[in-house]
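Take a look at the structure below.
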Amino acid sequence: NPDKIVVIPNFVNEIYQYTPKPFNATRPRLLHIGVNQNKNLERLILALEGIPCVLEIVGDLKKNQLDLLAQYSIDFENYHDLTMEEMAERYRQADVVVFASTYEGFGMPVVEAQATGRPVVTSNIEPMMWVAGAESACFVDPFDPVSIRAGIERVVQDETFRNKLTTNGLENVKRYSIRQIAGQYIQVYRKFLN
């Protein structure tokens, strides 16, 4: 019965705090999290061909992914087995977070990036659109490398658009504060107690 279902989202950990950083438009650092098939790294690599950037990848890269990075001459750095503080530092060092996943249960990197004050390029599918909030991320077709590329280029080249995403993202992430989420749980418990 849908009337008996209440969806309460995850909260963003308070370790992810707004950290201003000058934007490197000539050679931005793009942060990508995850290497499983749904994380869509392969299409991102295709999208980045010829774009001057450093791609930071969090996850244990597979041979085919390493081969693709070499084939398309992508300048990348790889991190894995990070602590939460080390992960927060990856967000702080990034210029843009690219999370064009093909499937997610929630999509925490979107709100973690927004909490840090980084513009997000993410998928134009759910739940990423709902999680990111309207006009708080650059939405792209995760199945189309041309769309992913266009989204990245727009964020990198259009300072006004980029700043709008960052400002709106900081506002959106308030929905995921531990206080807000705890309040939603309290409402559910009160409803059952009544």
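Taking the range 166-181 as the region of interest, how many residues are of a type in the set (A, V, I, L, M) and in contact with a helix residue (DSSP H, G or I) (Cβ under 7 Å, 6 or more places away or on another chain)?
2
When the range 161-194 is examined, which residues are found to be open to solvent by less than 80 Å² (accessible area, probe 1.4 Å), hydroxyl-bearing (S, T, Y) and out of contact with any Pro (no Cβ under 9 Å at 6 or more places or on another chain)?
Across the range 161-194, the qualifying residue is only S177.
Show me the strands (runs of 3 or more DSSP E) found entirely inside the range 15-131 where at least 1 residues are open to solvent by 10 Å² or more (accessible area, probe 1.4 Å), under 30 Å from K174 (Cα atoms) and of a type in the set (A, V, I, L, M).
So the answer is 29-33, 54-58.
Residue by residue through the range 132-172, note down the ones that are within 24 Å of A88 (Cβ to Cβ), over 13 Å from the mean Cα position of the chain (by Cα) and in a loop (DSSP other than H, G, I, E, B).
Across the range 132-172, there are no qualifying residues.
Please state which one of Y176, Y189 is of a type in the set (S, T, Y), over 27 Å from K21 (Cα atoms) and at pLDDT below 95.
Step by step, each of Y176, Y189 is checked, and only Y189 is of a type in the set (S, T, Y), over 27 Å from K21 (Cα atoms) and at pLDDT below 95.
Identify the single condition in (1) touching a residue at least 12 places away in the same chain (Cβ under 8 Å); (2) closer than 24 Å to N13 by Cβ that L44 does not satisfy, given that it satisfies every other one.
(2)
Would you be able to say whether some residue in the range 141-157 is crowded, with 22+ Cβ neighbours inside 10 Å, in contact with a Gly (Cβ under 9 Å, 6 or more places away or on another chain) and of a type outside the set (F, W, Y)?
no
List pairs: first in the range 88-117 and more than 18 Å from K39 (Cα to Cα), second among the small types (G, A, S), Cβ under 6 Å, 6+ apart or cross-chain?
These pairs meet every condition: Q114/G169.
Has the range 2-22 got at least one residue that is of a type in the set (A, V, I, L, M, F, W, C) and closer than 30 Å to L68 by Cα?
no
What are the pairs, 6+ residues apart or on separate chains, where a residue within the range 12-28 that is more than 20 Å from G107 (Cβ to Cβ) has its Cβ under 8 Å from a residue that is loosely packed, with under 14 Cβ neighbours inside 10 Å?
F23/E159; A25/Q157; A25/E159; T26/P52; R27/P52
The values are calculated or read from the model by the stated rules, or taken from the named source; none is laboratory data. Fair warning: this is a prediction, and the values are worked out from it, not measured in the lab. Glycine gets a Cβ as well: all are built from the backbone with ideal geometry, and neighbour counts include every protein chain shown. When the accessible area is computed, the model is the full protein with side chains, heavy atoms only, and any ligands, DNA or RNA have been set aside. Shrake-Rupley method; radii C 1.70, N 1.55, O 1.52, S 1.80 Å.
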